[in-house]
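Here the structure comes first, spelled out in structure tokens, and everything after it is commentary.
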Amino acid sequence: MIREKIKKSIEDALKKLEIEAKEIHLEHPEDLSHGDYSTNVAMVLAPKSGLKPLQLAEKLKSDLSKGLQKGGFIEKIDIAGPGFINFYLSPEFFNESIKEILERKSDFGKNDLGKGKKVIVEYSSPNIAKPFTIGHLRSTIIGDSIAKILEFSGHQVIRDNHIGDWGTQFGKLIVAIKKWGDEKKLNKSKNPVKILVDLYIKFHKEVEKNPKLEDEAREWFKKLEQHDKETFSLWKKIVDWSMKEFNRLYGRLGVKFDEILPESFFEEKMREVLEEIKNKKIGQMSEGALVIFFTEESHLPPLLVQKSDGTSLYATRELATDKYRKEKYGKDIVIINEVGSEQKEYFKQIFAAEEMLGWFKKGERVHISHGLYRLPEGRMSTRKGNAVWLEDIVNEAVKRAGEFNREVAEPVAIGALKFNDLKRESKSDIVFSWDEILNLKGDSGPYLQYTYARARSVLLKAEQEKIKPSTIYHLPATDPERLLYRFPEVVERAVREYSPHYIAIYLLDLASAFNSFYNEIKIVDKNDPDSPYKVALTQAVSIILKNGLWLLGIQTPEKM
Ligand code: ARG
């Protein structure tokens with residue numbers, strides 16, 4: 001990549017001056033008119049060299065400039081401010097990069113950072129009989145995009161959905177179904193989860209009046225754990241009702257998994273893990289329960305892995321899951337959990353335990369956390385009944401996208417939802433607002449889809465007027481060209497930091513540069529000798545918008 005070439009030439013120039021540099025920073029200036037790359041080495045290394053920053057910058061510039069030839073990749077080098085050295089790439093370079101984009105098409109932007117590496121990306125992971133909330137939506141959207149970015153970077157990716165289908169709450173739900181539910185209605189319903197959640201809420205109301213219900217629930221869960229036939233088959237129905245609804249949502253969101261291994265799958269595999277914890281003397285019995293204690297420096301609270309009544313916990317199933325994954329996919333597997341930040345400390349405990357068990361080394365377990373959606377009045381909670389339902393959001397989004405024609409309303413709505421999430425760093429909490437989440441204007445998914453459709457219609461017109469794209473002729477560099485070649489760099493950054501938002505932000509910049517270009521000049525013009533080049537540029541923009549939006553899981557309709 002051009003970045004490496006420039007770095008290397010700076011290194012060489014420094015060597016000639018006998019200055020050693022540990023790290024050379026090369027940035028893109030904020031403003032496109034200030035050049036394409038900029039380095040602060042002269043300022044950083046001036047003290048070492050005994051020169052003033054500007055003097056060192058001049059020396060470096062004069063040496064670097066010697067290497068510039070006509071037809072080379074760099075057109076000019078400037079010194080700016082207190083000693084920044086700015087590099088301007090040449091029209092020939094932009095020419096070449098457009099050629100490469102048109103040749104590589106859907107492959108443009110790929111890299112091989114992940115060559116030979118296997119990684120499990122676990123995301124979405126909703127709970128059976130609980131609402132698929134906007135929180136799970138974040139995990140679904142971010143996780144899906146990260147899986148795509150990893151794949152684009154050469155990794156072998158296994159997409160895994162760790163459905164929560166086990167735990168004492170199923171005892172409560174079974175009590176509620178038996179007492180107040182109607183299986184026939186549940187069978188027929190389009191939204192069985194809503195009914196199940198109402199039953200769950202009812203249980204919590206009733207238990208205040210009648211605490212004995214808790215004991216009943218515990219009994220049912222025990223029966224379930226013992227795989228009592230009738231209990232088990234009711235539980236299975238609950239799972240099927242919920243999955244039907246979840247799968248419908250995944251279909252609408254365009255999200256697929258390679259593996260759906262729910263918590264219950266690991267029920268049988270926990271005993272072995274508990275044995276291993278005991279044998280390796282990592283756990284201690286404490287009041288009849290098995291607990292893992294961590295080192296003092298880690299500041300982590302102890303992790304309970306078996307209750308005193310012998311029942312298992314979420315954490316126990318977690319450990320069994322990771323053991324299974326390692327056995328199935330090989331010892332060099334990397335496991336990423338895309339899960340909300342409320343489980344941050346929990347994952348630290350899990351990772352520490354897995355290191356103590358000798359299963360994983362540092363870096364092989366990754367928690368990518370996202371902030372929560374909060375309602376203006378506070379946290380969402382299933383029990384309080386104030387959680388926002390994902391399907392309601394999708395439906396509302398489609399309604400709001402009504403101004404677009406019917407065929408594209410759904411992809412536009414889903415694009416808006418996804419982009420709204422992916423355009424920001426995922427760490428921070430978001431206050432839920434319908435207007436924000438369904439924003440169809442400004443820095444939004446539909447804006448990018450619209451720009452893509454615009455580029456496609458320009459290309460269609462060029463075809464009709466028989467203007468073939470050509471990369472031969474060139475103009476002085478334009479703003480879209482100054483951004484196009486950066487796409488692979490942006491993808492690399494996104495994969496290294498597991499952060500799709502770099503791609504989202506980049507696409508906004510590219511779209512805005514292209515839209516200004518489109519507004520200022522005529523692209524398709526039979527009498528303009530530059531027209532074929534402008535058409536090629538337009539095609540390159542359309543390819544990158546498409547590749548970039550694909551990485552974000554957003555569709556690109558040809559017309560809007
Ligand atoms: N089902 C859990 C929840 O909704 C998330 C599961 C996350 N994944 C995991 N391996 N613990 O809170």
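The values are calculated or read from the model by the stated rules, or taken from the named source; none is laboratory data. It should be emphasised that the depicted structure is a prediction, and the values quoted were computed from it without experimental measurement. Cβ placement follows ideal geometry from the backbone for every residue including glycine, while neighbour counts extend to all protein chains displayed.
Here is a check on your reading of the model: is S512 out of contact with any strand residue (DSSP E or B) (no Cβ under 7 Å at 6 or more places or on another chain) and surrounded by fewer than 18 Cβ atoms within 10 Å (Cβ to Cβ)? In short, yes.
Condition check ((1) touching a strand residue (DSSP E or B) at 6+ places or on another chain (Cβ under 6 Å); (2) surrounded by 14 or more Cβ atoms within 10 Å (Cβ to Cβ); (3) aliphatic (A, V, I, L, M)) across all residues:
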| position | (1), (2), (3) |
| --- | --- |
| I201 | no, yes, yes |
| R218 | no, yes, no |
| L234 | no, yes, yes |
| I238 | no, yes, yes |
| W241 | no, yes, no |
| F246 | no, yes, no |
| F257 | yes, yes, no |
| E267 | no, yes, no |
| K280 | no, no, no |
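Residues in segment 126-140 that are within 13 Å of F257 (Cβ to Cβ), in a helix (DSSP H, G or I) and near the ligand (Cβ under 9 Å from one of its atoms): S139 only.
Counting only helices (runs of 4 or more DSSP H) that sit completely within segment 146-221, those holding 1 or more residues that are farther than 24 Å from N247 by Cβ and modelled with pLDDT of 95 or more correspond to 169-180, 192-209. Taking strands (runs of 3 or more DSSP E) as the structural unit, those lying wholly within segment 1-118 and holding at least 1 residues that are hydrophobic (A, V, I, L, M, F, W, C) and surrounded by fewer than 17 Cβ atoms within 10 Å (Cβ to Cβ) correspond to 74-80.
Residues that are hydroxyl-bearing (S, T, Y) and in a loop (DSSP other than H, G, I, E, B) occur at least once in segment 480-498. Take K307 and tell me if it is more than 14 Å from the ligand (Cβ to nearest atom) and of a type outside the set (D, E). It is true that K307 is more than 14 Å from the ligand (Cβ to nearest atom) and of a type outside the set (D, E).
Among the residues of segment 141-160, are any near the ligand (Cβ under 9 Å from one of its atoms), of a type outside the set (D, E) and under 28 Å from G116 (Cβ atoms)? Taking every residue of segment 141-160 in turn, none turns out to be near the ligand (Cβ under 9 Å from one of its atoms), of a type outside the set (D, E) and under 28 Å from G116 (Cβ atoms). Among the residues making up segment 331-373, those that are over 18 Å from V121 (Cβ atoms), of a type in the set (D, E) and either assigned to a loop (DSSP other than H, G, I, E, B) or at pLDDT 95 or above (or both) are E345, E355. Can you tell me which residue is farthest from N86 (Cα to Cα) among those in segment 458-512 that are modelled with pLDDT of 95 or more and among the aromatic types (F, W, Y)? By that ranking, first place goes to Y498. Among the residues examined, E296 does not qualify as within 13 Å of the ligand (Cβ to nearest atom) and acidic (D, E).
Is it true that some residue in segment 271-289 is away from the ligand (no atom under 16 Å from the Cβ), more than 30 Å from Q555 (Cβ to Cβ) and under 32 Å from the mean Cα position of the chain (by Cα)? Within segment 271-289, not a single residue is away from the ligand (no atom under 16 Å from the Cβ), more than 30 Å from Q555 (Cβ to Cβ) and under 32 Å from the mean Cα position of the chain (by Cα). Checking each residue in segment 425-449 for being surrounded by fewer than 19 Cβ atoms within 10 Å (Cβ to Cβ) and not in a loop (DSSP other than H, G, I, E, B) picks out I430, V431, W434, D435, E436. Given I149, I174, I158, which one is surrounded by 20 or more Cβ atoms within 10 Å (Cβ to Cβ), under 23 Å from H370 (Cα atoms) and either in contact (Cβ under 8 Å) with a residue 40 or more places away in the chain or out of contact with any Ser or Thr (no Cβ under 8 Å at 6 or more places or on another chain) (or both)? Step by step, each of I149, I174, I158 is checked, and only I149 is surrounded by 20 or more Cβ atoms within 10 Å (Cβ to Cβ), under 23 Å from H370 (Cα atoms) and either in contact (Cβ under 8 Å) with a residue 40 or more places away in the chain or out of contact with any Ser or Thr (no Cβ under 8 Å at 6 or more places or on another chain) (or both). Just one of the listed residues (K323, K328) is part of a helix (DSSP H, G or I), free of Cβ contacts under 8 Å to residues at least 60 places away in the same chain and within 15 Å of the ligand (Cβ to nearest atom), and it is K323.
Just one residue in the set E342, E403 is out of contact with any strand residue (DSSP E or B) (no Cβ under 6 Å at 6 or more places or on another chain) and away from the ligand (no atom under 14 Å from the Cβ); that residue is E403.
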